[in-house]
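The structure under discussion appears below in the form of structure tokens.
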Amino acid sequence: MYRLAAFDMDGTLLLPDHTLGEKTLATLRELAEKPVKLTFATGRHYLEMKDILANIGLDGFLITGNGTRIHDLAGHRLHASDLSEDCAHELLHTQWDTPASLHVFRDDGWFTSLDDPDLLIPHQFSGFRYQLQDLRLLPDSGNSKVCFCAPHETLLALVPQLKEHFGPRIDLCFSAADCLDVQPAGSNKGSALAFLTAGLGIEMSECMAFGDAMNDKEMLEGVGMGLIMGNALPVLKEQSPHLQIIGHCRNQAVSHFLQHWLHTPHLTYSPE
């Protein structure tokens, strides 16, 4: 019996328009009535996620910023990790050879110097938005992650620059094809979920998890049942070929799988 279910948000739990489908919400409420703890593991900010859960009337543990923050059901912070001050300073003060926009996540919000309404489209569901700021004026401390946004090919060209500059001092991951996240070394959804479950007295083998991007890889690989979305990044499918692939987020495939698991687990699962 699985005792905890962890869900990525964008590309997994949410529809392509970044809203939560009615079938998915109903299934999450049904799952919450079982002895299964709900955990939402996302690259989104804690401030945004706590409002989303409040608006849909669900309780859940929160792993946010790709594992840099963990909060319990009451909103108490259980864990935090930040980029080192030297790494944060270099990220924000170096002239990188890229047209990608730069974004910084801190406890008090999302900061960028680019005023682009298109960036807010994935956040219309919650109303969360960036704060315009000269990023060089931000403190070097308290920065949980930095994100570069651009088309995928542009970000792929940036990866060698960052790796050469920082080496093992930071971790890089694609939270989406157009989002490259720079995080504290060793900080990811998988390590955060391991920290959370240890405190809850739950083994990672007693957890299931759903995801679609490379920022989900450690979490999916670390649990008893990791499930990859049909719409997942091809590189995730290639690097985790042993994990089961379910349907597309546009068809609310997480709900479809969980209904099978809750009601007909003796039958072979087939994606919709």
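Based on what the data block shows, is Asp10 assigned to a loop (DSSP other than H, G, I, E, B) and among the charged types (D, E, K, R)?
No, not satisfied.
Inspect the range 221-230 for any residue being β-branched (Val, Ile, Thr), open to solvent by less than 10 Å² (accessible area, probe 1.4 Å) and touching a residue at least 40 places away in the same chain (Cβ under 8 Å) and give the result as yes or no.
no
Return the total of residues in the range 180-196 being more than 13 Å from Leu220 (Cβ to Cβ) and of a type in the set (D, E, K, R).
1
Residue check, Ser126 against (1) modelled with pLDDT of 95 or more; (2) assigned to a loop (DSSP other than H, G, I, E, B), all met but one. Which one?
With respect to (1) modelled with pLDDT of 95 or more; (2) assigned to a loop (DSSP other than H, G, I, E, B), Ser126 is out only on (1).
Residue by residue through the range 2-24, note down the ones that are more than 16 Å from Trp261 (Cβ to Cβ) and among the aliphatic types (A, V, I, L, M).
Met9, Leu14, Leu15, Leu20
With the condition kept exactly as written, say whether any residue in the range 42-52 is in contact with an Asp or Glu (Cβ under 7 Å, 6 or more places away or on another chain) and open to solvent by 40 Å² or more (accessible area, probe 1.4 Å).
no
Which one is nearest to Leu62 (Cα to Cα) among residues in the range 189-209 that are among the aliphatic types (A, V, I, L, M) and out of contact with any Gly (no Cβ under 9 Å at 6 or more places or on another chain)?
Leu196
Can you find a residue that is assigned to a loop (DSSP other than H, G, I, E, B), aromatic (Phe, Trp, Tyr) and closer than 30 Å to Leu53 by Cα anywhere in the range 106-123?
Within the range 106-123, not a single residue is assigned to a loop (DSSP other than H, G, I, E, B), aromatic (Phe, Trp, Tyr) and closer than 30 Å to Leu53 by Cα.
What is the one condition in (1) within 22 Å of Thr42 (Cα to Cα); (2) open to solvent by 10 Å² or more (accessible area, probe 1.4 Å); (3) β-branched (Val, Ile, Thr) that Ile63 does not satisfy?
(2)
The values are calculated or read from the model by the stated rules, or taken from the named source; none is laboratory data. Owing to the predicted nature of the structure, the values given are computational and were not obtained by experimental measurement. Cβ sites come from the backbone with ideal geometry, for glycine too, and all protein chains shown count toward neighbours. Just the protein is used for accessible areas: all its heavy atoms, side chains included, with ligands, DNA and RNA removed. Shrake-Rupley method; radii C 1.70, N 1.55, O 1.52, S 1.80 Å.
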